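Remarks on the structure that follows.
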Amino acid sequence: MYSIIDIETTGRNPKTEKITEIAVFIHDGTRITDEFSSLVNPERNIPSFITEITGISNKMVEDAPRFYEIAKDIIELTSDRILVAHNAHFDYGFIREEFRQLGYIYRRNLLCTVKLSRKMIPGLRSYSLGKLCSDLKIGIEDRHRAKGDAHATVKLFEMLLTLESAGKPLSRHNF
């Protein structure tokens, strides 16, 4: 079982910035079996350049739950599952830091779709989610929003699982 995750944040550093949105898709290796998504009140100002990228404004999150209010959901959704994300260490770093600030040690096994894509689809110039999905004809609805990016990561993950089970890398000349 897998928990495929994406987050949006107020910036890049998990020590000084906060999560503003999280989405989790539970996947059994074949299909999505459950999902969760929520805006998160970061309890701090969202910089305007982040709002320009994500569309998430201070007004949108003012009545959203704080991380501690959804922490139990995140634990339950990710427990005994491999945490999958595109650039997994970024998302995992923020989630671990949010839990650390609550006094909880959060540990999960990780699978990074950037690393797996590099292995299974060698030779691309970029492995960013947007460019990779464009190259592979995977549609992304709501780009730079947690649910849209997490759902695109699900589609990418399913494609990578298919390639892995076939036992051969996909050449950039195959698409």
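Close contacts from the stretch 114-141, counting a first residue that is without any contact (Cβ under 8 Å) to a residue 24 or more places away in the chain and a second that is hydroxyl-bearing (Ser, Thr, Tyr), with Cβ to Cβ under 8 Å and a gap of 6+ residues or different chains, come to ARG118/TYR127; TYR127/SER117.
Take LEU136 and decide whether it is aliphatic (A, V, I, L, M), over 16 Å from the mean Cα position of the chain (by Cα), at pLDDT 90 or above and farther than 15 Å from ALA85 by Cβ. In short, yes. Among the conditions (1) under 15 Å from ALA150 (Cα atoms); (2) surrounded by fewer than 18 Cβ atoms within 10 Å (Cβ to Cβ); (3) in contact (Cβ under 8 Å) with a residue 24 or more places away in the chain, the only one that ALA23 does not satisfy is (2). Can you pull out every residue in the stretch 130-162 that is outside any loop (DSSP other than H, G, I, E, B) and β-branched (Val, Ile, Thr)? Those that are outside any loop (DSSP other than H, G, I, E, B) and β-branched (Val, Ile, Thr): THR153, VAL154, THR162. Applying the condition of being modelled with pLDDT under 95 and not aliphatic (A, V, I, L, M) to the stretch 88-132 and asking which residue is surrounded by the fewest Cβ atoms within 10 Å (Cβ to Cβ) yields ARG125.
Considered as a group, the residues in the stretch 36-62 that are in contact with a Leu (Cβ under 9 Å, 6 or more places away or on another chain) and more than 12 Å from ARG145 (Cβ to Cβ) include one that is surrounded by the most Cβ atoms within 10 Å (Cβ to Cβ), and that residue is VAL61.
The values are calculated or read from the model by the stated rules, or taken from the named source; none is laboratory data. Model, not experiment: these values are computed from the prediction. Heads up, the Cβs are rebuilt from the backbone with ideal geometry, glycines too, and the neighbour counts pull from every protein chain shown.
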